Amino acid sequence: MQERDHAVLIQKKFGANVRRARVARRLTQEKLSELADLNIRTLQRIEAGEFAVLLNTAVRLAEAMKCPWTELAPDMKHR
């Protein structure tokens, strides 16, 4: 797998994990974006895997959902 393809895969997995955690906590995108102090469009792009997330954004999302940021991190065992 090429480096760029791998990066996109990580983004998509991270976004899916954010969505899964948000839905499990019964939060709307609007509410989570408010709690994490993110623009709602940014959150939508993160969940769609269209946005490369910085670590501080991952931590803000995790804190807003009261979960460890590692819950949002993609499983990197298979490269």
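The values are calculated or read from the model by the stated rules, or taken from the named source; none is laboratory data. As the structure is a computational prediction, the values presented were derived from the model and not from experiment. Glycine also receives a Cβ, built like all others from the backbone with ideal geometry; neighbour counts cover every protein chain displayed.
Observations
- Among the conditions (1) touching a residue at least 60 places away in the same chain (Cβ under 8 Å); (2) in contact with a helix residue (DSSP H, G or I) (Cβ under 6 Å, 6 or more places away or on another chain), the only one that VAL59 does not satisfy is (1).
- GLU47 farther than 15 Å from PRO74 by Cα and of a type outside the set (Gly, Ala, Ser): no
- The range 9-30 - residue that is in contact (Cβ under 8 Å) with a residue 24 or more places away in the chain and over 13 Å from the mean Cα position of the chain (by Cα) and, of those, nearest to PRO68 (Cα to Cα): ARG25
- Close contacts from the range 31-44, counting a first residue that is under 13 Å from ARG60 (Cα atoms) and modelled with pLDDT of 95 or more and a second that is exposed (fewer than 15 other Cβ atoms within 10 Å of the Cβ) and not polar (S, T, N, Q), with Cβ to Cβ under 9 Å and a gap of 6+ residues or different chains, come to LEU32/ARG25; LEU32/ILE40; SER33/ILE40; SER33/ARG41; GLU34/ILE40; LEU35/GLU63; ALA36/GLU63; LEU43/GLU30.
- Tally of residues being hydrophobic (A, V, I, L, M, F, W, C), surrounded by 14 or more Cβ atoms within 10 Å (Cβ to Cβ) and assigned to a helix (DSSP H, G or I) across the range 22-79: 12
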